[in-house]
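Structure record follows, encoded as structure tokens.
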Amino acid sequence: MNKFKFLLMLLVLGSIFFACFITINSFVFKDGRNINIVVPSKKFNILDKEVDEYIDSTKSKYNKLYNLASNSKVFNKNNFYLNIYYKEYDSNEYISYIFFSEYFIGGAHPNHEIFTINYDKKNKKIINIDDIIKNKEVLKTISSESYKYFSKQKAFNNSAIRGMLKTGTKPIKDNFKYFVLTNDGIIFFFERYQIAPYYYGELKFFITYKNSKIKIY
């Protein structure tokens, strides 16, 4: 087999392998909307439905904002876009996805949002925050440990940022609604502006099941 045929075969096999795991959708509309979406391949009906609903909801939200912003003469709507991509955590019992959406409809900088979906393989159900935090003791532990973790970092020495951290890690379920499940524990994610300024990006905090006293069942 000559070198060209060998490289071509690798390219084809690589494309097949890549396609098995993700689906890429890219749309460029005449009115200026540019939408790029990378989503997981189909695995489980209930999980797939949750993913589809999230994608549809995010696109719908973006389109509404686009329609509002495109009426303004201040912004060039040809620069507007929506990008969605994800990261997968596949443990023994669960499949977890965290989705990152970035969209620009004018303004100082793009908007960023996150969303997580957790699926129990054995029981064939979606795991939500109420399955994770079942009592005040667990909530207080997660709140206290997350605040302690970030407050030790130099980036949070500023008093104003420390105030954001304190508010964003209060023992309120909504502060910890974005999470993924691993074999050893849970990773909680915090959106921009929740515990720190925009330029800090999305932040995360890991805690073991044992230390958090979390028992999903």
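The values are calculated or read from the model by the stated rules, or taken from the named source; none is laboratory data. None of the values given here were measured: they were computed from a predicted structure. Counting neighbours? That spans all protein chains shown, and the Cβs are built from the backbone with ideal geometry, glycine included. Remember, those area values only see protein heavy atoms, side chains included, never the ligands or the DNA or RNA. Shrake-Rupley method; radii C 1.70, N 1.55, O 1.52, S 1.80 Å.
Would you check if ASP56 is open to solvent by 60 Å² or more (accessible area, probe 1.4 Å) and modelled with pLDDT of 85 or more? Give the steps one after another, and end with the answer.
Values: open to solvent by 60 Å² or more (accessible area, probe 1.4 Å): yes; modelled with pLDDT of 85 or more: yes.
The answer is yes for ASP56.
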Residue in region 139-153 that is surrounded by the fewest Cβ atoms within 10 Å (Cβ to Cβ), counting only those that are closer than 15 Å to THR167 by Cβ and of a type in the set (Ser, Thr, Tyr): SER144
- line: Among (1) among the aromatic types (Phe, Trp, Tyr); (2) modelled with pLDDT of 95 or more; (3) closer than 17 Å to ILE55 by Cα, TYR89 falls short only on (3)
- request: Could you grab the pairs with beta carbons closer than 6 Å, sequence gap of 6+ or different chains, first residue in region 176-189 and among the polar types (S, T, N, Q), second one outside any loop (DSSP other than H, G, I, E, B)?
  value: THR182/TYR89
- prompt: Does SER212 qualify as being over 30 Å from LYS49 (Cβ atoms) and touching a residue at least 12 places away in the same chain (Cβ under 8 Å)?
  reply: no
message: Can you tell me which of (1) within 16 Å of ILE186 (Cβ to Cβ); (2) part of a loop (DSSP other than H, G, I, E, B) is the one SER72 doesn't meet?
response: (1)
message: Given the criterion closer than 18 Å to LYS43 by Cβ, open to solvent by less than 50 Å² (accessible area, probe 1.4 Å) and in contact (Cβ under 8 Å) with a residue 60 or more places away in the chain, identify the matching residue among ILE114, ILE133, ILE98.
response: ILE98
- request: Show the residue pairs that are 6+ apart or on different chains and have beta-carbon atoms under 6 Å apart, the first residue being within region 27-38 and modelled with pLDDT of 60 or more, the second being open to solvent by less than 40 Å² (accessible area, probe 1.4 Å).
  value: GLY32/PHE80; ARG33/TYR66; ILE35/LEU82; ILE37/ILE84; VAL38/ILE22
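Within region 154-217, considering only strands (runs of 3 or more DSSP E) that don't extend past its boundaries, which have at least 3 residues that are open to solvent by less than 40 Å² (accessible area, probe 1.4 Å), acidic (Asp, Glu) and at pLDDT 95 or above?
Answer list for region 154-217: none.
Can you confirm whether TYR85 is within 21 Å of ASN123 (Cα to Cα) and part of a strand (DSSP E or B)? Steps first, answer last, please.
On the way: within 21 Å of ASN123 (Cα to Cα): no; part of a strand (DSSP E or B): yes.
Considered against the rule, which asks whether it is within 21 Å of ASN123 (Cα to Cα) and part of a strand (DSSP E or B), TYR85 comes out as no.
Restricting the search to region 160-174, which residues are charged (D, E, K, R) and within 12 Å of TYR147 (Cα to Cα)? Write out each step before concluding.
Just the residues of region 160-174 that are charged (D, E, K, R), to begin with: 162, 166, 170, 173-174.
Within region 160-174, ARG162, LYS166, LYS170 meet the criteria.
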query: Residues of region 165-188 being more than 21 Å from the chain's Cα centre (by Cα) and of a type in the set (A, V, I, L, M, F, W, C), which ones?
result: none
